[in-house]
Amino acid sequence: MQVLNRFSLEFYSIPENVAFARVAVAAFASQLDCTLPELEEIKVAVSEAVGNAIIHGYRNKPDKIVYLTVTIYKEGLEIQIKDCGNGIADIKLAMQPAFSTDPERMGLGFVFMQSFSDRINVESQKGVGTTITMFKNIGIRGARARAN
């Protein structure tokens, strides 16, 4: 797939940056022919992934870095969230509804990410970190779409 546009951000693992990440991705995704429900789904998926990095990956340590890369292809939008935290011991188990390493949490983060993405890939290594890559099939609008 040909990359049409991309941005990357690094930010501290503080809760305030969940909202920042979701707004940044939604603004960037507006280059595509997104419906309002699609934009909302993207924002929820980003919130869940960034929240997981902060809460589970870094256990709320505010001095860690979350990495966000968003890429636009002709075929759609790819969102990648990475942490260098605790990692996930059992990805298959972690992606099950209601599973959480924090008893105060509902364990629906991966459920939302899966529901609101056309493809999701989770790579993780215990003690090294986790990378979540989500892809949403959305076309490009306007003259740029016709040119490609």
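It is to be established whether one or more residues within the stretch 9-26 are within 18 Å of Ile138 (Cβ to Cβ) and outside any helix (DSSP H, G or I).
Scanning the stretch 9-26, I find no residue that is within 18 Å of Ile138 (Cβ to Cβ) and outside any helix (DSSP H, G or I), so the answer is no.
Can you pull out every residue in the stretch 113-140 that is surrounded by 14 or more Cβ atoms within 10 Å (Cβ to Cβ), more than 12 Å from the chain's Cα centre (by Cα) and not in a strand (DSSP E or B)?
Across the stretch 113-140, the qualifying residue is only Ile138.
Go through the stretch 25-74 and report how many residues are under 19 Å from Met1 (Cβ atoms) and of a type in the set (Val, Ile, Thr).
Number satisfying all stated conditions: 6.
Select, from Val50, Val18, Val23, the only residue that is surrounded by fewer than 14 Cβ atoms within 10 Å (Cβ to Cβ), out of contact with any Asp or Glu (no Cβ under 7 Å at 6 or more places or on another chain) and at pLDDT 95 or above.
None of the other options fit; the residue is Val23.
Which residue pairs have Cβ atoms under 9 Å apart, sit 6 or more places apart or on different chains, and have a first residue in the stretch 84-95 that is under 13 Å from Thr131 (Cβ atoms) and a second that is assigned to a loop (DSSP other than H, G, I, E, B) and among the β-branched types (Val, Ile, Thr)?
Correct list of pairs: Cys84/Val128; Gly85/Val128; Gly87/Val128; Ile88/Thr101.
Given the residues Asn86, Asn52, which is the only one that is under 17 Å from Asn121 (Cα atoms) and touching a helix residue (DSSP H, G or I) at 6+ places or on another chain (Cβ under 7 Å)?
Working: Asn86 fails: under 17 Å from Asn121 (Cα atoms).
Sole residue among the options that is under 17 Å from Asn121 (Cα atoms) and touching a helix residue (DSSP H, G or I) at 6+ places or on another chain (Cβ under 7 Å): Asn52.
Being at pLDDT below 95 and outside any helix (DSSP H, G or I) narrows it down to one residue among Asp102, Asp63; which is it?
Result: Asp102 is the single residue among Asp102, Asp63 that is at pLDDT below 95 and outside any helix (DSSP H, G or I).
Taking the stretch 89-99, which residues are in contact with a Leu (Cβ under 7 Å, 6 or more places away or on another chain) and either surrounded by 12 or more Cβ atoms within 10 Å (Cβ to Cβ) or modelled with pLDDT of 75 or more (or both)?
Scanning the stretch 89-99 gives a single hit, Phe99.
The values are calculated or read from the model by the stated rules, or taken from the named source; none is laboratory data. Computed from a prediction, not measured in an experiment: that's the story for all the values here. Ideal geometry is used to build each Cβ from the backbone, glycine not excepted, and the neighbour counts take in all protein chains shown.
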